[in-house]
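The values are calculated or read from the model by the stated rules, or taken from the named source; none is laboratory data. What you see is a predicted model; the values in this text were computed from it and never measured. For neighbour counting, all protein chains shown are included, and Cβ atoms are generated from backbone atoms with ideal geometry for every residue, glycine included.
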Amino acid sequence: MIKEFDTVILGGGPAGFAAGMYASRGAISTAIIDVNILGGQPSNYLELENYPGFSAIGGFELMEKFEEHADKFGVEKFPMQEIESIDLVSIPKIIKTTEAEFRAKTVIIATGAKPMKLNVPGELEYVGRGVSYCAVCDGAFYKDKVVAVVGGGNSAVEEAMYLTKFASKVYLIHRRNELRADKIVQERAFKNEKMEFVWDSVVREIKGENCVTTLLIENVKSAELSELSVDGVFPYIGILPNVDGFNGQLEQDSKGFIVTDETMKTSIDGVYAVGDVRVTPLRQVVTAASDGAIGAVYAVRYVESMEEVTV
Ligand code: NAP
């Protein structure tokens, strides 16, 4: 089955929904395709308190509002698609899934990012049995238990704080002696009595029997090894872009994030990248939404310019 659109947006998170709303409101036919359910990363955030206009709102609720807003202007949505191939260079651009072949004049990539792995022995073995990348999803399993979070950014500190609602103790293991997280987030964490900071340290191995029991920790200053007894570990050490299916087709940085200009245009004509998947100094819901708006406005202009040429 062939489906033709002026623009196909890959990814239904905040950047994709904002792009969808702007593109369809700009009167071009618009589809959003996602390999998962729609909503993106914020759907898993318990609460956001830095999206303008909402002093506090649940991540899932905010994404529902984004989706309703895109729906209002007629975006067609295709969640849970199994991608077979993506050709960004051809004219039209072609995205084949097991359900359909999508043809588009422009593509807006809004595929977001995924958690980085620690890449230590035991990590993959114990996923779902003590290793988790989603505190909101799995935190409740750790009532009165001891857990560790790895990392020092906003995600690590915020998720560690969230885990203190359940766990009796939360270690935060960070490779330096200073956090990267915003100061306001740090201050709250330092005041929380259930938090204990393990500075200048990295996890070398995750050990267990049926489930995780112990972390092998190295102090990077003294090279001393020690063991920490935990029931669970949540690595929050940063993100990598979701570029499966089109990796290498366009200009990317050393980690794979897509290089764009200020109009969100990538190195391929008619292809835009918005949100966490692109090289950007700030990855927030508000910046993802802003990127989506800019990318969609330029995608609309691109479609209009194609129509002028063919008339
Ligand atoms: P991040 O800001 O890149 O922080 C990653 C943390 O993990 C850093 O502290 C880093 O240490 C550490 N790290 C990196 N590689 C490591 C390794 N191999 N082993 C041990 N530690 C390692 O990532 P993030 O916290 O996931 O946040 C991603 C983006 O989303 C950021 O822009 C962040 O501001 C944003 N975000 C914002 C909010 C919010 O505003 N509410 C919430 C969540 C995320 P170093 O500090 O030494 O580099």
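Tabulated data for the structure shown
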read-out	value
Unique residue being in contact with a His (Cβ under 9 Å, 6 or more places away or on another chain) and in contact (Cβ under 8 Å) with a residue 24 or more places away in the chain when the list is Ala104, Ala70, Ala18, Ala27	Ala18
Scan of the stretch 99-140 for residues that are closer than 30 Å to Ile268 by Cβ, of a type outside the set (A, V, I, L, M), at pLDDT 95 or above and more than 14 Å from the ligand (Cβ to nearest atom), ordered by number	Glu101, Phe102, Arg103, Lys105, Thr106, Thr111
Hits in the stretch 31-53 (condition: farther than 16 Å from Gly275 by Cβ and either outside the structural domain of Met80 (by TED's automatic domain parsing) or more than 16 Å from the ligand (Cβ to nearest atom) (or both))	Ala31, Ile37
Set Tyr126, Tyr162: member being touching a helix residue (DSSP H, G or I) at 6+ places or on another chain (Cβ under 6 Å), of a type in the set (Phe, Trp, Tyr) and outside the structural domain of Ala296 (by TED's automatic domain parsing)	Tyr162
Meets criteria (within 16 Å of the ligand (Cβ to nearest atom) and in a helix (DSSP H, G or I)) for Phe17	no
Residue list for the stretch 235-248, restricted to those being surrounded by fewer than 17 Cβ atoms within 10 Å (Cβ to Cβ) and either under 17 Å from Ile95 (Cβ atoms) or not small (Gly, Ala, Ser) (or both)	Leu240, Asp244, Asn247, Gly248
Hey, Val203 modelled with pLDDT of 95 or more and buried (at least 22 other Cβ atoms within 10 Å of the Cβ) or not	yes
In the stretch 40-56, residue farthest from Ala113 (Cα to Cα) [restricted to those that are surrounded by fewer than 18 Cβ atoms within 10 Å (Cβ to Cβ) and of a type in the set (A, V, I, L, M)]	Ala56
Hey, Gly151 crowded, with 21+ Cβ neighbours inside 10 Å and modelled with pLDDT of 95 or more or not	yes
Some residue of the stretch 281-288 being more than 16 Å from the ligand (Cβ to nearest atom), of a type in the set (A, V, I, L, M), part of a loop (DSSP other than H, G, I, E, B) and not assigned by TED's automatic domain parsing to the domain that holds Val198	no
Strands (runs of 3 or more DSSP E) wholly inside the stretch 156-269 containing at least 2 residues that are within 16 Å of the ligand (Cβ to nearest atom) and closer than 30 Å to Ile9 by Cα	239-241
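For every residue, the table says whether it meets (1) over 18 Å from Asn119 (Cβ atoms); (2) touching a helix residue (DSSP H, G or I) at 6+ places or on another chain (Cβ under 7 Å); (3) charged (D, E, K, R).
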| residue | (1), (2), (3) |
| --- | --- |
| Lys143 | yes, no, yes |
| His174 | no, no, no |
| Leu179 | yes, yes, no |
| Glu187 | yes, no, yes |
| Asn192 | yes, yes, no |
| Trp199 | yes, no, no |
| Asn219 | yes, no, no |
| Ala223 | yes, no, no |
| Glu227 | yes, no, yes |
